[in-house]
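Colleague: Take this structure first; my questions come after.
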Amino acid sequence: MMDLLDKLRGIEKKAEQFADAAAAPGRTVIDQILGPCEVVVRGRPTLMFGSNNYLGLTLHPDVVDAARRAIGAFGTGTTGSRTANGTLALHEDLEREFCEWFGKPHAIIFSTGYQANLSLIGGLCGAGDVILVDSDSHASIYDATRQSVAQVIGFRHNSPESLRRKLERLPGPGGNRLVVVEGLYSIRGDVAPLREIVEVCRAHGAYLLVDEAHSLGTYGRSGLGCAEDQGVLAQVDFVVGTFSKSLAGVGGVCVSHHPELRVLRFVARAYIFTASGSPSNLAGVSAAVKIVRAHPELREQLWSNIRRLRQGLREIGYVIGDTESPIVPMLIGDEQLAIALWQRLLIEGLYVNLIVPPACPAGACVLRASCSAAHTSAQLTRALDILARVGAELGVTRAVLS
Amino acid sequence: MSHQPLSSIEEGVIEVLKSVARRPVEPTLASDLIADLGFDSVRVLEVIAELEDRFDISIPLNEVPATRTVAEVVALVAPLVLERSSA
């Protein structure tokens, strides 16, 4: 009989192979923040191309000042959940801010983006309901479906046709169905065909939830995400967003035109049974929202940086994802090669994200670079220099260069 | 009303498993998807998607974590195929 801890020992053994290496995946410690896109790792200045700081607002003076002022006025913590221990004015201020920004009447904020999905999916769907999820959905969406007793059906990634077939096979009218997709997918960096997905949902009477975690602040004329960008925001029933990416904080939000969203405060376990967002965090996010709304040029700078990075990577000879987005996946394939490349890049002063199984299929490993509006031209040049040198050294780009 | 015989479902499941595996595998009904065939959770989801397309069914993902062997996959798929055939 296997011991409970045997499973963990096996994983520990795998992790131990990096114990003495200069860099161990998943255990990188950032000792100091030099700027929105530059940090110190193991005493070395390191370019940060692996954060979700898409608009570079984590050190923006307005955000930092708002957070400082909130600590002075409200203290450091909320000591518990909104349900049990009280809602601060700051919680309601931020919810109003999201309602105004989205032009939707209802918003609820959550302590994390993960809990936003748990609350929405868990709060909306129960026995007799059906949740249809894109197969590339984030773990928070899958985990939410695991906590629900609703039937869960997957459909092929970004395939409205696959979704249509799955909806057609279900018996009866569609009022008990929730379709869950993301705006911008975090591993492949590709965008959902929301217009087509909206059409399929409408034709079958299904509700649609779009998680705009990575696209909030980065897509759309007002920065509202991919649904706004594709002109279907009014047709999306529930938009979920996160604060930990463009909005420089921690937390999640859902906005909706359905008044029933308000009832989630009484039924969503991940809302009720958890500590609420801290005052400094709420005030910082509120300031970040104001900046995103007032400064569309931040998005323009982000997209200019994205084009520069993608062009540079192609010229060096990396194979990158097809979709132009703030997430730039470099397709490496072999796990050992991906780990070696990731380590060498970090040692040379460039931090990117390493994606290996179980986060991707075996043999389909990816290094993911994320762009920020705050990346300077000099930082982009340095990053591309490092990628060219290390890529050639490890033979990742050789085929194209030779 | 036509009922697909179970053996053809078994054959279909085994074909899908072979096509989704990245290396040559010879699944039997007793094979464990993870321990014997080396599938990880992403690969299992791919198996589900392929089975759904092949048999024109929808497999509830709620049932998947408890499905470990090829025989259990067949037991998951068969009633859905029969239900569709008799619909």
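Colleague: Treating cross-link reach as a plain straight distance, find the lysines whose alpha-carbon is under 21 Å from the alpha-carbon of A:K290, omitting any fewer than eight places away in the same chain.
Modeller: Hits, sequence-local ones excluded: A:K104, A:K245.
Colleague: Starting at the first residue of segment A:307-315, write each ³J(HN,Hα) from the Karplus equation 6.51 cos²θ - 1.76 cosθ + 1.60 with θ = phi - 60°, in whole Hz, x for Gly and Pro.
Modeller: Each residue of segment A:307-315 in turn: 5, 5, 5, 5, 5, x, 5, 5, 5 Hz.
Colleague: By a straight-distance test (C-alpha under 25 Å), which lysines pair with A:K166 as possible cross-link partners, with residues fewer than eight away in the same chain excluded?
Modeller: A:K166 reaches B:K18.
Colleague: Can you list the aspartates and glutamates whose alpha carbon is less than 16 Å from that of A:K13, not counting same-chain residues fewer than 8 positions off?
Modeller: A:D3
Colleague: Here's something else I'd like to know. Tilt of helix A:89-102 relative to the longest C-alpha principal axis of chain A, in degrees (0 to 90, nearest 10)?
Modeller: Here the helix axis deviates by roughly 80 degrees.
Colleague: Go ahead and collect, in residue order, the members of segment B:21-64 whose backbone nitrogen is under 17 Å from a label point 7 Å along the Cα-Cβ direction of A:K13.
Modeller: Only B:35-36, B:38 pass the distance filter.
Colleague: If neighbour count is taken as other Cβ atoms inside 10 Å, put A:L163, A:L384 in order from fewest to most.
Modeller: A:L384, A:L163
Colleague: Among A:M48, A:M1, rank each residue by its count of other Cβ atoms within 10 Å, from fewest to most, as a rough exposure measure.
Modeller: With the fewest neighbours first, A:M48, A:M1 line up as A:M1, A:M48.
Colleague: Nearest 0.05, what FRET efficiency do A:S377 and A:L337 give at R0 = 30 Å with Cβ-Cβ as r?
Modeller: 0.50
Colleague: How tilted is helix B:70-85 with respect to the longest principal axis of chain B? Cα atoms for both, answer in degrees (0 to 90, nearest 10).
Modeller: The angle comes out at about 20 degrees.
Colleague: Viscosity 0.692 mPa s, temperature 37 °C: what is the translational diffusion coefficient of the protein assembly as shown from Stokes-Einstein with a Kirkwood Rh over Cα pairs, rounded to a whole number of µm²/s?
Modeller: 136 µm²/s
Colleague: Related question: Place a label point 7 angstrom from the Cα of A:M2 along the Cα-to-Cβ direction, then list the residues of segment B:67-81 whose backbone nitrogen is under 14 Å away.
Modeller: Answer for this model: B:67-69.
Colleague: Moving on to the next point. Nearest 0.05, what FRET efficiency do A:H157 and A:T79 give at R0 = 41 Å with Cβ-Cβ as r?
Modeller: Result of the calculation: an efficiency of 0.45.
Colleague: Turning to a different aspect of this structure: Within 10 Å of each Cβ in peptide B:57-64, how many partner chain Cβ atoms are there on average? Round it to a whole number, please.
Modeller: 6
Colleague: Between A:L59 and A:A234, take the C-beta separation as r, use R0 = 51 Å, and let me know the FRET efficiency to the nearest 0.05.
Modeller: Plugging the Cβ-Cβ distance into 1/(1 + (r/R0)^6) gives 0.90.
Colleague: Taking only DSSP H segments of four or more residues, each worth -39500 (n - 2.57), what value at 222 nm results for the protein assembly as shown once the sum is divided by all its residues, to the nearest 500 deg cm²/dmol?
Modeller: Rounded to the nearest 500, it is -13000 deg cm²/dmol.
Colleague: Can I ask one more? Can you give me the angle between helix A:61-74 and the longest principal axis of chain A, using Cα atoms only, in degrees from 0 to 90, rounded to the nearest 10?
Modeller: It is inclined by approximately 50 degrees.
Colleague: How big is segment A:251-330 along each principal axis, measuring the range of its Cα positions in Å and listing the largest first?
Modeller: Per principal axis, max minus min of the Cα coordinates gives 54, 27, 26 Å.
Colleague: Could you give the nm distance between label points at A:R269 and A:D322, where each point is 7 Å from its Cα heading toward the beta carbon?
Modeller: My value for the distance between the label points is 4.0 nm.
Throughout, read-outs are computed from the coordinates displayed, never taken from laboratory work. Predicted model, so just to flag it, every value in this text is computed and none were measured. Quick reminder, even Gly has a Cβ in these numbers, built from the backbone with ideal geometry, and neighbours come from all protein chains shown.
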